[in-house]
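Undergrad: Have a look at the structure that comes next, please.
The values are calculated or read from the model by the stated rules, or taken from the named source; none is laboratory data. All figures in this text were calculated on a predicted structure; none of them were measured in a lab. Quick reminder, even Gly has a Cβ in these numbers, built from the backbone with ideal geometry, and neighbours come from all protein chains shown.
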Amino acid sequence: MDRPPRRPGQAARPARCAARRRRATFAAVPPPPEAILPLSPRLPDPALPKLELHCHLEGAAPPDLVRRLAARHGIDLSGLFTPAGGYAWSDFTSFIAAYDAAAQVFRTPEDFAELAETYLAASAAEGVIYTEVFLSPDYAARQGLGYADYVAGVAAGMDRAEAAHGIVGRIIPLVERHFGPDRARAAAEAAVNNPHPRVTGFGMAGDERMFDVAAFAPAFAIAAEAGLSLTAHAGEVCGADSVRATLDALPVRRIGHGVRAIEDPDLVRRLAADGIVLEVNPGSNVALGVFPSLAEHPLLRLRDAGVKVTISSDDPPFFATSMGREYAAVAETFKLDEAALLAFSRTAADAAFCDAATRAQLHARLDAFAPDPAGAPFPTS
Ligand SMILES: Nc1ncnc2[nH]cnc12
Ligand SMILES: [Zn+2]
């Protein structure tokens, strides 16, 4: 029997999304690092400039920092860590729960400043020149930290990292899809009512199986109206239909993940024709069982079909990865040379949520490493 139609905003029926099943697991232990990305005999090349468009700040928290802040704030985190000291999770749902638990140790603006500075400094050491971090204001609010103080803390950490290491940071507040459209609308209003020069975008992450994506259109309209650039996760846990529905419902030009678009050739053609940029996270996709191995990941098939693809790390310590490891593993697995790797960085510079002057500086740094084979240097005016 057909189910009754859902009201906008009503909780989705998870079964409608054909999520891929990963191998059965009986304990919350993630795959070992070597089962996620090949451990390259080559060190990640720290000189090759890299740009990251997709990293969740709380998801970038090293376990040691989380343990230290938990002790500082007197928080019991039993169950969050494996015996080896990494994060304990075994599938997408338990990963989101672990992310949620780790996020609760960040409570003050200085906690977030330390996290942002730590992450950007480590990224800069691997050659990252630009990072957009996703923030989760709903998590910070749960710890009693308001949006403006949260952003100020992260921005202070970015200022310190930029001054010390030259890495440029931008902030994209996200809504968690599983918290529903009302919270999303409130988050969009908070972002718009508390502008900050480092906040240049707005987006959505969380459980793609929950709620109709169209229910989030009002939140995205508020952000778009205020001039924020937009991105939304889709095509990770759910398939090509989820990417199509997201593009139909929201005025986004970038999709977080989007990799399961590969299941539908018509959709791949649409992405290419419309110049939609995919924020691809190869290590995350393998770790979460979206694809069985990096060799079977569609990164290059999408690129070769004309889709704009970039490389990011998503939640690096959860997935035993980093920007350096992602670039090194992709280079090794797909036998890519330096020019091919730089092309990912150039696509990311084109798609970055930043102003024209910043974009020109990023392209200048890429061109200084190796001239753009496409010819003319990136226009500065
Ligand atoms: N990979 C991911 N997918 C959806 N939401 C997330 N939040 C943090 N990481 C995520
Ligand atoms: Zn993500």
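Undergrad: For residue 261, work out the one condition from (1) part of a helix (DSSP H, G or I); (2) modelled with pLDDT of 95 or more; (3) surrounded by fewer than 24 Cβ atoms within 10 Å (Cβ to Cβ) it doesn't fulfil.
TA: So the condition that residue 261 fails would be (3).
Undergrad: Now for a different question. Identify the residue in region 156-184 that is closer than 19 Å to residue 120 by Cα and basic (Lys, Arg) and, among all such residues, is farthest from the chain's Cα centre (by Cα).
TA: So the residue we want is 160.
Undergrad: Please tell me if residue 88 is farther than 27 Å from residue 30 by Cα and either of a type in the set (Asp, Glu) or touching a residue at least 12 places away in the same chain (Cβ under 8 Å) (or both).
TA: Numbers: farther than 27 Å from residue 30 by Cα: no; either of a type in the set (Asp, Glu) or touching a residue at least 12 places away in the same chain (Cβ under 8 Å) (or both): yes.
In short, no.
Undergrad: Of the conditions (1) within 16 Å of ligand 2 (Cβ to nearest atom); (2) over 25 Å from residue 171 (Cα atoms), residue 59 fails just one. Which one is it?
TA: Of (1) within 16 Å of ligand 2 (Cβ to nearest atom); (2) over 25 Å from residue 171 (Cα atoms), only one is false for residue 59: (2).
Undergrad: Pick from region 162-180 the residues that are farther than 25 Å from residue 243 by Cα and of a type in the set (Gly, Ala, Ser): which of them is surrounded by the most Cβ atoms within 10 Å (Cβ to Cβ)?
TA: Ranking the candidates gives 169 first.
Undergrad: Of the residues in region 223-243, how many are part of a helix (DSSP H, G or I), more than 16 Å from ligand 2 (Cβ to nearest atom) and crowded, with 19+ Cβ neighbours inside 10 Å?
TA: Residues meeting the conditions: 2.
Undergrad: Then there is this: Is there a residue in region 63-76 that is outside any helix (DSSP H, G or I), of a type in the set (Asp, Glu) and away from ligand 1 (no atom under 16 Å from the Cβ)?
TA: yes
Undergrad: Name the residues in region 271-289 that are outside any helix (DSSP H, G or I) and either touching a His at 6+ places or on another chain (Cβ under 8 Å) or buried (at least 24 other Cβ atoms within 10 Å of the Cβ) (or both), would you?
TA: 278, 279, 280, 281, 288
Undergrad: Looking at 280, 286, 252, 243, can you tell me which residue is more than 11 Å from ligand 1 (Cβ to nearest atom), under 15 Å from residue 304 (Cα atoms), of a type in the set (A, V, I, L, M) and touching a Leu at 6+ places or on another chain (Cβ under 7 Å)?
TA: It is 280.
Undergrad: Just the residues that are surrounded by fewer than 24 Cβ atoms within 10 Å (Cβ to Cβ), within 16 Å of ligand 2 (Cβ to nearest atom) and among the aromatic types (Phe, Trp, Tyr), please, taken from region 110-161.
TA: 139
Undergrad: What about residue 311, is it among the β-branched types (Val, Ile, Thr), under 15 Å from the mean Cα position of the chain (by Cα) and within 20 Å of residue 122 (Cα to Cα)?
TA: Spelling it out, residue 311 is indeed among the β-branched types (Val, Ile, Thr), under 15 Å from the mean Cα position of the chain (by Cα) and within 20 Å of residue 122 (Cα to Cα).
Undergrad: Follow-up question, since we're still on this one. Of the residues 117, 58, 132, which is closer than 30 Å to residue 364 by Cβ, modelled with pLDDT of 95 or more, within 16 Å of ligand 1 (Cβ to nearest atom) and of a type in the set (Asp, Glu)? Give the derivation first.
TA: Details: 117 fails: within 16 Å of ligand 1 (Cβ to nearest atom); 58 fails: closer than 30 Å to residue 364 by Cβ.
Result of the check over 117, 58, 132: 132.
Undergrad: Another question, if that's okay. Could you please tell me which pairs satisfy a Cβ distance under 6 Å, a separation of 6+ or placement on different chains, a first residue in region 221-241 that is within 20 Å of residue 17 (Cα to Cα), and a second residue that is away from ligand 2 (no atom under 15 Å from the Cβ) and among the acidic types (Asp, Glu)?
TA: 239/263; 240/263; 240/264
Undergrad: In this structure, is residue 183 farther than 25 Å from residue 355 by Cβ, crowded, with 24+ Cβ neighbours inside 10 Å, at pLDDT 95 or above and not hydrophobic (A, V, I, L, M, F, W, C)?
TA: Judged against the criteria, residue 183 is not a match.
Undergrad: Taking into account only those residues within region 162-182 that are under 22 Å from residue 224 (Cα atoms) and assigned to a helix (DSSP H, G or I), which is farthest from ligand 2 (Cβ to nearest atom)?
TA: Step by step, filter region 162-182, then rank; the result is 182.
Undergrad: Next up: Mind checking whether some residue in region 145-155 is modelled with pLDDT of 95 or more, part of a loop (DSSP other than H, G, I, E, B), of a type outside the set (Gly, Ala, Ser) and more than 18 Å from the chain's Cα centre (by Cα)?
TA: Looking through region 145-155, at least one residue is modelled with pLDDT of 95 or more, part of a loop (DSSP other than H, G, I, E, B), of a type outside the set (Gly, Ala, Ser) and more than 18 Å from the chain's Cα centre (by Cα).
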